[in-house]
Amino acid sequence: MRRALGGAFLAAWLAGLAPAAADGLLAHRAEFTLALASPRGEGGITDVSGRMSIELADVCDGWTVDQRLVLDIAFEGEAGFRSISSFVSWESKDGTRFRFEDRTWHDAGLIEEVSGNASLEAPDGPGRVVLSAPEAATLDLPPGTLFPTRHTAVLIEHASTGQTYLLRPLFDGTSAEGPVDVGVAIGKARDVPAELGAGAGRARPMRLAFFSGGEEPDLPAFEVAVLMQDNGVARAMTLDYGDYAVRATLVRVEPLPKLDCQ
């Protein structure tokens, strides 16, 4: 449960929101507050509060993501703790190369680190991950695997053509166990007003289900509900882990300057 609020949280965020990476979408820095949406059952997490920022930038030869997350987590009948996560990545614009570094601290100590690089032989082709942490290792990627930015670009393309479901393997650099299957249900688009710097436009509700292939392979390990604008800005998001859910509320969006890539 405790580690799920680190790496798995980032996995969900990047799969759903790293997209301002397709042409025409907004490179930006977004800030969110985090809160417990709904504890369920007895025991476990009783409160969550925190903040998150994500910066998506066009660096000419690719797209970078820089995400910072701070969570204060309280448990029933035991001491709580603070979780701090940092995720940085670079992805080529054709979606075939990916570098990543994910670190999570609890209170003062580093508890998890995943870093390395990955590549595909061609878009939608097979590939390989070369890990440098938590230890040196290689992982195979099956044909059809997507990295985070291209995953969202493909998702938005599907939505724009009226398709309502997408199922693809995703490797996002937050786990040393390889890709996961992500199924996405896409709702109808609706107009949203300009606010918080996000700009006006159209947004679609989407629900992402992450299947880890564990003891219950037919049930998602967790789910994410997000209202995503066509320009890649998330208006609202809820991460559902079954026993509890975390709500991310958009506070501010700051567009990033465009680089002269000529």
Residue count, the stretch 70-90 (criterion: part of a strand (DSSP E or B), surrounded by fewer than 17 Cβ atoms within 10 Å (Cβ to Cβ) and not hydrophobic (A, V, I, L, M, F, W, C)): 5
Hey, can you tell me all the residues within the stretch 225-262 that are over 14 Å from the mean Cα position of the chain (by Cα) and without any contact (Cβ under 8 Å) to a residue 24 or more places away in the chain? 257, 260, 262
When you scan the stretch 91-182 for strands (runs of 3 or more DSSP E) that lie fully inside it, which ones turn up with 2 or more residues that are hydrophobic (A, V, I, L, M, F, W, C) and more than 19 Å from residue 222 (Cα to Cα)? 97-106, 109-120, 127-133, 137-141
Screening 64, 46 for residues that are polar (S, T, N, Q) and within 26 Å of residue 109 (Cα to Cα) leaves only 46
Residue check for residue 34: at pLDDT below 90 and buried (at least 21 other Cβ atoms within 10 Å of the Cβ): no
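Among the candidates 218, 230, 260, 172, single out the residue that is of a type in the set (Asp, Glu) and buried (at least 21 other Cβ atoms within 10 Å of the Cβ).
172
The values are calculated or read from the model by the stated rules, or taken from the named source; none is laboratory data. Here the structure is a predicted model, which means the values were calculated and not measured. No Cβ is skipped: glycine too gets one built from the backbone with ideal geometry, and neighbour counts run over all protein chains shown.
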